[in-house]
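Laboratory data are not the source of any read-out in this text; all were calculated from the coordinates shown. Owing to the predicted nature of the structure, the values given are computational and were not obtained by experimental measurement. Cβ sites come from the backbone with ideal geometry, for glycine too, and all protein chains shown count toward neighbours.
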Amino acid sequence: MSKPEHNWDFLDMGVISRLSRLTVSVRMPMLGSVTGLHRSATRGSSVEFAEYRKYAPGDDLKFLDWRVFARTDRFYMKEFEADTNLRCYLVLDTSASMKYTSGPLTRFDYARRLTATLAHLLIHQGDSTGLVCFTDKTLHELPPRRTPSHLTQLLNTLAEAKPQGETNLVTTLHDLAERIRQRSLVIVISDLFTEVPELLECFKHLRFYKHDLAVFHLLDRQEFEFDFNRPVRFVDMESGMDLITDPAVVRDAYRDAVHDYLAALSHGCREFDVDYRLNYLDQNYEAMLTQFLLQRIKRTKGGRR
């Protein structure tokens, strides 16, 4: 990798080194352009047997199973799983609400660490990785590539990105679903501040085109617990609207609303087979990524038995 043009303080090479023992896996067959680590939707000639099919004139006889012929007097061809490379889109929310924090790291700081670490792991395992930074519109978009120079460009783009403006996650994801023609891994990193039914519709749209969708939902612990103890002036970081209230008066209703929101979101993600992960900013991101990678590896191996 070439020398960085910007400060990459969001990229911890110690974390990269420890996580590099693991693979960023997909949960379903992909279509790639070169041999790689992931199951393909097509058949090939790798060592793992997939299924039999009837012989057709012109088939390569080296894949004909003579033992089956001896038993059945019929010609059957052996097919194998083909391994392929992956295309991944990292979709990063850069709206103003990503600046929120009640601790040392803002939501955007945490999101950028996740994005940079995943990009580094993916490109170094030979998978094409792209980046989409959005607010109410797409601010930066890098198409998936897998070269060291592309990783440098991606990290420099992350270094330049600033949380600002309002968000339009729903439109961004619907647009992405229509533009990505090849099966891909789509990883969304956002606070998901939008209506659940609209959000689930765009998740459903991406899954309709057989994309493997993973969502990192980032919340500050204070947003969940709402443990303010005196009257507070709350300001919407995107619209600028404000409200002065006594937290003790609205705390129970607020917590009920958050609980209902998270329950509906989690249920909808299970329904559409979205890899949904709720993360708080006080959680160690390396531990969280380790769990994410291990669970995907386990599911992938389970699906190949």
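Observations on the structure shown:
- Amide H to amide H distances under 5 Å link residue 89 with 130, 185, 186, 187, where only residues 5 or more positions off or on other chains count and H is placed in the peptide plane.
- Peptide ranges 64-70, 171-177 listed from the most packed, as the mean C-beta count within 10 angstrom indicates: 171-177, 64-70
- Label point distance in nm, residue 299-residue 71, each placed 7 Å from Cα along Cα→Cβ: 3.5
- Residue 137-residue 283 FRET efficiency (beta carbon distance; Förster radius 30 Å; 0.05 resolution): 0.50
- Exposure proxy ranking for 209, 110, 76, based on other Cβ atoms within 10 angstrom of each Cβ and starting from the fewest, stands as 209, 76, 110.
- Ordering of 244-257, 182-195, 267-280 by burial proxy (mean other Cβ atoms within 10 Å per residue, highest first): 182-195, 267-280, 244-257
- Model label zone, residue 273; criterion: amide N under 19 Å from point 7 Å along Cα-to-beta-carbon; scope region 202-218: 202-216
- Computed FRET value (nearest 0.05) for residue 149 with residue 209, which takes r as the C-beta separation and R₀ as 35 Å: 0.75
- Peptide packing for 285-293, 210-218 was compared via the average number of neighbouring C-beta atoms within 10 Å per residue; ordered from the highest value, the list is 210-218, 285-293.
- Once the Cα-Cα distance is subtracted from the 0.36 nm per residue extended length, the residue 160 to residue 54 segment shows a gain of 32.5 nm.
- Ratio Rg/Rh, restricted to region 72-211 and using Cα atoms, in which Rh is the Kirkwood radius: 1.10
- For region 105-119, the residues whose amide N sits under 19 Å from a probe point set 7 Å from the Cα of residue 21 along the beta carbon direction are 118.
- Applying a DSSP loop filter and a limit of 16 other Cβ atoms within 10 Å to the trypsin sites (Lys or Arg not before Pro) in region 128-182 leaves 137, 181.
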